[in-house]
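Heads up, the thing below is written out as structure tokens.
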Amino acid sequence: MQNYLLLFIVILAVITIVSFIYTIWRARNDEQILRNIIQGSPIPTFVISTEHKILHWNKALEGLNGIKANQVIDTDQQWRAFYASPRPCMADLILDNNINESSALYAGKVTKSKLLRNAYEVTEFFPDLGEKGKWFRITSASIKDSSGRIFGAMETLEDITDQKTAEEELLQRTKLESLGTFADGVAKDFDSLLTAILRNVFLAKISANEEDKILENGLAIAERAGLQAKELAHRLITFAQGGYPVKKIEIIDEIIREAIQKVLAGSNAACEPAIASDLWPVEVDAMQIKQVIENMVTNAKEAMPNGGIVEVVAENTTTGTNIRSMGGSNYVRIMIRDKGVGIPRENLSKIFDPYFTTKEKKERGGIGLGLAICDSIIKYHNGLITVESLVGVGTTFFIYLAAVPDSIPKS
């Protein structure tokens with residue numbers, strides 16, 4: 001009987017040991033599967049423990065910020081994924097049950113995920129990531145074991161910069177089209193009224209007594225004001241409808257040179273344009289494209305009040321525009337760059353808005369319609385204007401015009 005009892009105890013001990021070993025093996029196997037899933041994910045991801053120590057830091061996250069996993073594993077430096085100095089990440093807030101404090105840490109609103117239970121997400125802009133900053137959708141959730149016990153938290157970063165850029169471009173186009181329709185009607189009525197007013201001012205001037213200098217001076221002032229208002233009405237019409245372009249096939253190298261010469265003649269700014277010798281023809285209204293380039297070069301000159309070099313480059317491009325709203329066709333790209341004061345990041349999305357200007361003195365030409373008109377003209381040429389700028393470094397405008405490489409300009 002004792003032998004049977006001893007055998008039973010031995011078998012029970014063996015089963016217990018085997019079960020324990022299996023449990024350890026399965027846990028390690030599950031951990032390895034989790035590790036493989038995280039490492040193989042194209043989405044930048046990190047996992048932290050309940051002690052806020054980094055357990056996993058995947059390859060995609062290494063590629064995003066250049067920080068290797070072996071530099072941060074087993075540390076509490078998960079903040080280095082986004083920030084220059086220590087601060088809690090969303091995963092930390094979830095583990096500490098302090099998600100309500102997120103409003104003080106994130107500019108965007110942290111909301112519950114619609115896809116994952118007990119997960120939270122926020123859309124945030126990080127100016128220090130990449131050359132121009134990046135937009136990310138951050139999602140974080142706690143991780144539980146089979147018994148429902150929380151043993152860590154995961155955080156992922158989805159790069160939505162291209163999506164945000166496309167949304168902003170679409171919003172800008174929609175806003176300009178709506179405003180353009182309104183401006184077109186108002187400007188035409190305004191132009192008709194001014195024509196009648198100026199006609200009567202002219203009749204009053206020629207009917208006035210030569211000795212009545214006060215009346216004559218007053219009428220002259222009224223006439224000048226009326227002419228300036230009429231010019232503004234024409235600008236509004238140009239903004240609204242692109243100035244009714246009359247297009248034909250052109251080689252625009254001379255158009256570019258003439259515009260630069262006209263703007264920079266006698267100024268303390270200089271420019272030696274770099275224009276490709278094989279520049280493709282484009283179908284454009286030459287006068288309007290010249291107006292656009294004159295405006296761009298004028299802006300570059302005014303950004304450098306103490307003088308400097310305005311860079312102008314014209315070249316052919318087929319791919320690599322990195323602009324979602326443009327197709328993969330042939331374009332002539334005109335780059336106009338200054339080394340002036342630059343444009344603050346918060347103003348970049350507004351510079352093509354009508355009447356937006358950063359000039360302190362709204363002198364003639366500085367009323368905030370120049371870039372809006374340029375954008376409208378290029379839009380009606382099926383092209384695009386984009387801008388890059390850094391404060392204290394300078395500003396670069398890129399003009400894309402649809403090219404017709406196989407066409408021959410008509411003389």
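If you check Lys109, Lys132, Lys164 for being modelled with pLDDT of 75 or more, under 25 Å from the mean Cα position of the chain (by Cα) and within 25 Å of Ile385 (Cβ to Cβ), only one passes: Lys164. For the condition farther than 30 Å from Val393 by Cα and either outside the structural domain of Val393 (by TED's automatic domain parsing) or in contact with a strand residue (DSSP E or B) (Cβ under 7 Å, 6 or more places away or on another chain) (or both), Asp76 qualifies.
Per the listing Phe136, Phe125, the residue uniquely without any contact (Cβ under 8 Å) to a residue 60 or more places away in the chain and either in contact with a Leu (Cβ under 6 Å, 6 or more places away or on another chain) or on the phi > 0 side of the Ramachandran plot (or both) is Phe136.
Listed here are the residues, each with its yes/no results for (1) touching a Pro at 6+ places or on another chain (Cβ under 8 Å); (2) of a type in the set (S, T, N, Q); (3) surrounded by 19 or more Cβ atoms within 10 Å (Cβ to Cβ).
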position: Thr111; (1), (2), (3): no, yes, no
position: Leu116; (1), (2), (3): no, no, no
position: Phe125; (1), (2), (3): no, no, no
position: Ala141; (1), (2), (3): no, no, yes
position: Asp145; (1), (2), (3): no, no, no
position: Ala153; (1), (2), (3): no, no, yes
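Every residue in the stretch 42-58 that is surrounded by fewer than 19 Cβ atoms within 10 Å (Cβ to Cβ) and either closer than 23 Å to Asp96 by Cβ or more than 27 Å from the chain's Cα centre (by Cα) (or both), please. Once the filter is applied, which keeps residues that are surrounded by fewer than 19 Cβ atoms within 10 Å (Cβ to Cβ) and either closer than 23 Å to Asp96 by Cβ or more than 27 Å from the chain's Cα centre (by Cα) (or both), the stretch 42-58 yields Ser49, Thr50, Glu51, His52, Lys53.
For first residues located in the stretch 53-75 and modelled with pLDDT of 80 or more, partners that are among the basic types (Lys, Arg) and lie 6+ apart or on another chain with Cβ distances below 6 Å form the pairs Glu62/Lys68; Ile67/Arg80; Asp74/Lys53. Here the stretch 82-100 is the region considered, the condition is being touching a helix residue (DSSP H, G or I) at 6+ places or on another chain (Cβ under 6 Å) and within 25 Å of Gly133 (Cβ to Cβ), and the residue that is surrounded by the most Cβ atoms within 10 Å (Cβ to Cβ) is Cys89. Check the stretch 87-95 and report whether any residue there is more than 25 Å from the chain's Cα centre (by Cα) and modelled with pLDDT under 80. No: the stretch 87-95 contains no residue that is more than 25 Å from the chain's Cα centre (by Cα) and modelled with pLDDT under 80.
The values are calculated or read from the model by the stated rules, or taken from the named source; none is laboratory data. This structure is a prediction, so every number in the text was calculated from the model and none was measured. In this analysis, Cβ positions are derived from the backbone assuming ideal geometry, glycine residues included, and neighbour counts consider all displayed protein chains.
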